[in-house]
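Colleague: First the structure, which I've put down as structure tokens, then a few questions once you've had a look.
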Amino acid sequence: MSSIFTSNELAKHDGTDASIPIYVAIKGSVFDVSTKKEMYGPGAGYHCFAGKDASKALGKSSLKPEDCIADYSDLDEKELKTLDDWFIFFEKRYPIVGKTA
């Protein structure tokens, strides 16, 4: 059974507590990226995505924390394609552990 994560619950999975898995949400699906702590853990290049829904940021190819939000309704067609490509990338590599609320 998969879990439903509120934004507050998801935020706890940002890698700052080593005893809690690192999660990244994309388009409402929550992925466990714990196997790649060197990429998503504190101080790592993609840490800005950890514990958040990074949909808009991934679509825009952005590492800006302000772009790490679930609402991607203002992405253009090219950015939506980029977001879909990222979703497929994550789907092939990381288990989905839940959905966002």
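The values are calculated or read from the model by the stated rules, or taken from the named source; none is laboratory data. The structure presented is a predicted model; accordingly, all values stated were derived computationally and were not measured. Don't worry about glycine lacking a Cβ; one is built from the backbone with ideal geometry, like all the others, and counts go over all protein chains shown.
Colleague: Tally up the residues in the range 1-31 that are within 11 Å of residue 96 (Cα to Cα) and surrounded by 16 or more Cβ atoms within 10 Å (Cβ to Cβ), please.
Modeller: 7
Colleague: Same structure, new question: Looking at the range 34-63, which of the residues that are closer than 21 Å to residue 99 by Cβ and in contact with a Gly (Cβ under 9 Å, 6 or more places away or on another chain) is surrounded by the most Cβ atoms within 10 Å (Cβ to Cβ)?
Modeller: This residue is 55.
Colleague: Only one of 80, 58, 75 is out of contact with any Phe, Trp or Tyr (no Cβ under 8 Å at 6 or more places or on another chain) and at pLDDT 95 or above. Can you tell me which?
Modeller: 75
Colleague: OK, next. Of the residues 51, 59, 45, which single one is of a type outside the set (A, V, I, L, M) and in contact with a His (Cβ under 9 Å, 6 or more places away or on another chain)?
Modeller: Unique residue meeting the criteria: 51.
Colleague: Exactly one of (1) in contact with a strand residue (DSSP E or B) (Cβ under 7 Å, 6 or more places away or on another chain); (2) farther than 20 Å from residue 35 by Cα; (3) surrounded by 15 or more Cβ atoms within 10 Å (Cβ to Cβ) is unmet by residue 72. Its number?
Modeller: Of the numbered conditions (1) in contact with a strand residue (DSSP E or B) (Cβ under 7 Å, 6 or more places away or on another chain); (2) farther than 20 Å from residue 35 by Cα; (3) surrounded by 15 or more Cβ atoms within 10 Å (Cβ to Cβ), the odd one out for residue 72 is (1).
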